[in-house]
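This report concerns only the one structure given below.
The values are calculated or read from the model by the stated rules, or taken from the named source; none is laboratory data. The structure displayed is predicted, hence computed values, not measured ones. FYI the Cβ positions are ideal-geometry reconstructions off the backbone, even for glycines, and counts take in every protein chain you see.
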Amino acid sequence: MISNVETSYAPMISVIVPIYNVQDYLAQCLDSLAAQTYADFEVLCINDGSTDGSAEIVRQFTSADKRFVLVDKVNGGYGSACNLGLSRARGQWVSIIEPDDWVEPTMYEDMLAYASGFFCDIDIVKTSWTDVFDWDNPQRMVLKPGFLTGRMSTSTAPAPVTELPILLEGHPSIWSSLYRRAFLDQNEIRFNEYPGAGWADNPFFIEVMCRACSIVYLDRRFYNYRRELSGSKPRTASDATICIPFDRWLDMLDIIERIGKPDPVILDAHYLRGMNYAFDAIAQFGWDNDLVQSKTREVFSKMDLDAVLSHPKISCGKKRFFCNVTGATYRLKGVAGRVAYLTSELIFRLSSRG
């Protein structure tokens with residue numbers, strides 16, 4: 001069921017909000033969109049079979065503001081909801097917003113103004129974000145700059161991701177971007193439709209980044225991202241939960257190879273992501289977990305030994321662990337690069353503290 005649609009209306013931005021049982025946070029999210037200083041957008045609220053009061057909250061917005069549209073569907077997961085939104089989108093630009101987050105009032109105005117300063121079609125406008133910790137307790141809630149803040153300078157010219165590899169290293173953060181809809185459609189970029197949330201943002205993220213010819217980065221924070229609460233990750237989990245990070249990393253590698261982008265710069269960034277996913281799983285579930293061991297071995301088997309040993313952002317301890325797991329001989333490589341990276345990281349941390 002679709003409500004509040006005006007077929008003749010072609011907005012500048014189509015905002016896609018995939019919604020499933022988020023009644024406690026949804027009003028804040030939609031309020032922050034309604035408060036945007038740039039007004040020419042539609043908000044496609046894709047209700048993915050919610051069983052709580054989420055749909056009713058959306059109806060309150062659709063009755064008050066014609067830019068908000070409710071699209072009801074049978075539950076199919078995050079990727080399915082986003083794909084339906086992409087199929088309905090009519091804007092020149094697409095924005096994907098998580099329903100439990102919120103954005104700053106000038107986000108779209110400032111991102112579009114920035115993009116208009118380049119004399120070519122921009123595929124992706126990327127920004128940083130704010131990580132929100134302990135958001136369940138106003139007295140303890142902490143806001144911190146996201147990973148990209150200060151690590152990249154605002155772009156003066158568009159570039160492919162091979163010139164901006166740090167974009168591939170941290171959180172996929174697909175929600176802190178604007179995507180040119182024609183770019184998505186021409187390259188037939190859509191989400192894999194995994195059950196539930198399913199980390200569907202990972203494959204979408206790597207494909208848009210690797211296919212884009214013109215990416216620009218604005219070092220400003222407009223998006224407020226709720227991080228997982230402290231202690232919310234269980235020490236025990238289903239097999240599917242343990243496998244998801246590893247499987248998505250493998251899915252992303254398949255995309256890199258399928259679209260012909262196995263550039264060493266891209267693979268280095270992807271190897272770093274794989275290491276982080278593996279060590280996070282080990283920290284949560286322990287190396288004595290048989291599934292953690294088997295999936296780590298599977299991911300490590302896809303990595304080039306020399307590239308790992310030379311990687312400046314992978315510690316010596318992790319490199320030794322990699323060699324132990326794969327049966328390779330550890331060799332000390334890339335010392336100068338490692339020292340340069342640690343030095344630059346120290347300078348960044350000191351300067352970011354003011």
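From the list R211, R258, the one residue that fits, being without any contact (Cβ under 8 Å) to a residue 24 or more places away in the chain and on the phi < 0 side of the Ramachandran plot, is R258. In this entry, T149 passes the filter for residues that are in a loop (DSSP other than H, G, I, E, B) and either touching a helix residue (DSSP H, G or I) at 6+ places or on another chain (Cβ under 7 Å) or over 24 Å from Y194 (Cα atoms) (or both). Being more than 30 Å from the chain's Cα centre (by Cα) and in a helix (DSSP H, G or I) is the filter; apply it to segment 329-352 and report the residue that is nearest to G317 (Cα to Cα). Filtering first and then ranking leaves V335.
Within segment 315-354, count every residue that is in contact with a Pro (Cβ under 9 Å, 6 or more places away or on another chain) and either surrounded by 13 or more Cβ atoms within 10 Å (Cβ to Cβ) or of a type in the set (S, T, Y) (or both).
Just the residues of segment 315-354 that are in contact with a Pro (Cβ under 9 Å, 6 or more places away or on another chain), to begin with: 334, 336-342, 352.
Right, trim to either surrounded by 13 or more Cβ atoms within 10 Å (Cβ to Cβ) or of a type in the set (S, T, Y) (or both) and you get 334, 337-338, 341-342, 352.
Qualifying residue count, segment 315-354: 6.
Only one of the numbered conditions (1) surrounded by 15 or more Cβ atoms within 10 Å (Cβ to Cβ); (2) not in a loop (DSSP other than H, G, I, E, B) is not met by P312, and that is (2). Filtered by the rule that a residue be part of a loop (DSSP other than H, G, I, E, B) and farther than 18 Å from G260 by Cα, segment 191-225 gives F191, N192, E193, Y194, P195, G196, A197, G198, W199, A200.
Within segment 259-275, does at least one residue satisfy the condition of being of a type in the set (S, T, Y) and either part of a loop (DSSP other than H, G, I, E, B) or out of contact with any His (no Cβ under 7 Å at 6 or more places or on another chain) (or both)?
Here is the first cut: in segment 259-275, the residues of a type in the set (S, T, Y) are 271.
Those left that are additionally either part of a loop (DSSP other than H, G, I, E, B) or out of contact with any His (no Cβ under 7 Å at 6 or more places or on another chain) (or both): none.
No, because not a single residue in segment 259-275 is of a type in the set (S, T, Y) and either part of a loop (DSSP other than H, G, I, E, B) or out of contact with any His (no Cβ under 7 Å at 6 or more places or on another chain) (or both).
Output the number of the condition that A81 fails; it satisfies all remaining conditions of (1) touching a Cys at 6+ places or on another chain (Cβ under 9 Å); (2) in a helix (DSSP H, G or I). Unmet for A81, out of (1) touching a Cys at 6+ places or on another chain (Cβ under 9 Å); (2) in a helix (DSSP H, G or I): (1).
A residue that is part of a strand (DSSP E or B) and among the charged types (D, E, K, R) occurs somewhere in segment 118-134. A search for C-beta distances below 8 Å between a residue of segment 330-341 that is under 8 Å from L309 (Cβ atoms) and any residue that is in a helix (DSSP H, G or I) and among the hydroxyl-bearing types (S, T, Y), counting only pairs 6+ apart in sequence or on different chains, returns K333/S310; G334/S310. Return the residue satisfying two criteria in turn: it lies in segment 134-151 and is aliphatic (A, V, I, L, M) and surrounded by fewer than 16 Cβ atoms within 10 Å (Cβ to Cβ), and of such residues it is nearest to W102 (Cα to Cα). It comes out as L143.
You will find that of A237, A197, the residue that is modelled with pLDDT under 95 and either in the same structural domain as V22 (by TED's automatic domain parsing) or among the aromatic types (F, W, Y) (or both) is A197 and no other. Do the conditions hold for P158, that is, is it assigned by TED's automatic domain parsing to the domain that holds D121, without any contact (Cβ under 8 Å) to a residue 60 or more places away in the chain, surrounded by 17 or more Cβ atoms within 10 Å (Cβ to Cβ) and more than 15 Å from the chain's Cα centre (by Cα)? When the stated conditions are applied, P158 passes them. The condition (being of a type in the set (D, E), in contact with a strand residue (DSSP E or B) (Cβ under 9 Å, 6 or more places away or on another chain) and surrounded by 15 or more Cβ atoms within 10 Å (Cβ to Cβ)) is satisfied by just one residue among D247, D251, D201: D201. Residue check: G146 meets all listed conditions (1) touching a strand residue (DSSP E or B) at 6+ places or on another chain (Cβ under 9 Å); (2) modelled with pLDDT under 95 but one, namely (2).
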